[in-house]
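Let me begin by presenting the structure, written as structure tokens, before commenting on it.
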Amino acid sequence: MSHRTLTAERLVAGYERGRRVLDGASLTVPAGRRLALLGANGSGKTTLLRCLSGALEPVAGTVAVDGERLQHTRRGLRAHRQEVQLVLQDPDDQLFSASVAQDVSFGPLNLGLPEDAVRGRVAEALALLGVGHLAGRPTHQLSYGERKRVAIAGAVAMRPCVLLLDEPTAGLDPSAVAEALAALERLRASGSTVVMSTHDVDLALRWADDVAVVVDRAVVQGAPAEVLADDALLARARLDRPWALTVGARLRSLGLLPDGALPRDVASLLAALPEGVTP
């Protein structure tokens, strides 16, 4: 894995009868950063991820890694998919082998790597996702959360520069969400750039270094505390303001929080309160 920048410039894409899902959408995925992609159902988040991964060729616009444009040829797509990997929302769309280890080894084997290198990549990916103990388990015996992490491990085994994750926490209970986020933190620490689409504005605020909102067939990108405090933008995008920003702003108006950046999660909010003040 290495730090490379993924960009999309003025993408136009659509599916049905010429209807445009994206129309002039641009996005920069900074190298080594965590980016949350937000938007309502049908806004175009998955379409954008598919364009970024090469799975969908846009009608117009470009996708590039470090300025090198994606070419939708067999050779171009093969090269791009060694740099950028997409993991779909439903893990059952990607898991098909008899065992976890076999499934995770599929991509590296297709690269023509020797068996010892493949085994090393599989072990590394499973360890990063915290599912090494599941290597010999049949995929159909896994929980939903385990299947999600195994699907991500299959992408990680390709050692891409950028991981695109479509709703990786959707459908998970709180403990499974915590496990998934811990796995994503290990990926970040190992050098991966991670893009996560989500509907959860609170999760985006506390997790992401950058956020991008897909709205009106375009993309608005910026710092989480700024973009997610823009009530007009959130209304257009049919998203709610994160609770931490709402509560923090109210506490500041009461003189209980100092000026500066508002807290982005429970721990930082409690830490910012004056001594002797409890919620």
Expressed as a whole-number percentage, the relative contact order of segment 74-207 with C-alpha contacts under 8 angstrom and at least six residues apart is 32 percent
Note to self, the chain gives a 222 nm [θ] from helices alone (DSSP H runs n ≥ 4, -39500 (n - 2.57) apiece, / all residues, nearest 500) of -11000 deg cm²/dmol
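How high is the relative contact order of segment 183-279? Use alpha-carbon pairs under 8 Å, at least six apart in sequence, and give a whole percent. Present the calculation step by step, with values, prior to reporting the outcome.
Numbers: 92 pairs, mean separation 18.9, N = 97.
Worked out over segment 183-279, it gives 19 percent.
Might you report the magnitude of the Cβ-based charge dipole of the chain about its Cα centre, with Lys and Arg at +1 and Asp and Glu at -1, to the nearest 20 debye? Don't jump to the answer; show the numbers that get you there.
Working: 31 positive and 32 negative charges, 126 e Å.
Value, rounded to 20: 600 debye.
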Quarter of the surface of the C-alpha convex hull for segment 55-108, i.e. direction-averaged projected area in nm², equals 4.9 nm²
Here, trypsin sites (Lys or Arg not before Pro) of segment 222-259 satisfying both criteria (DSSP loop; at most 16 other Cβ within 10 Å) are 238
Output ordering of 203-213, 76-86 (per-residue mean of other Cβ within 10 Å, highest first) is 203-213, 76-86
Computed over the chain, the relative contact order (Cα-Cα under 8 Å, seq sep at least six) in percent reads 23 percent
Comparing 87, 65, 214 in a Gaussian network model of the chain (Cα, 10 Å), the one with the largest mean-square fluctuation is 65
Taking Cα atoms only, helix 144-156 is inclined relative to the longest principal axis of the chain by an angle, in degrees rounded to 10, of 70 degrees
Check: C-alpha center segment 84-107 vs C-alpha center segment 150-186, spacing in Å is 12 Å
Expected sort for 106-119, 30-43 on mean C-beta neighbours within 10 Å, highest first, is 30-43, 106-119
Taking a ≥ b ≥ c as the square roots of the Cα gyration tensor eigenvalues, with a/c under 1.5 meaning rounded and otherwise prolate when a/b beats b/c or oblate if not, segment 68-214 comes out oblate
In Å, the C-alpha Rg and Dmax of segment 186-250 are 12.5, 38
Sorted by chain and then number, the residues having a modelled amide H within less than 5 Å of the amide H of residue 32, at least 5 places away or on another chain, are 4, 193
Of all DSSP beta bridges with both partners in the chain, the antiparallel percent, nearest 5, is 55 percent
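Taken together, the values in this text are just the output of simple stated rules run on the coordinates, not laboratory data. Just so it is clear, the model here is predicted, and its values are computed rather than measured. With ideal geometry, Cβ positions are generated from the backbone for all residues, glycine too; neighbour counts draw on all protein chains shown.
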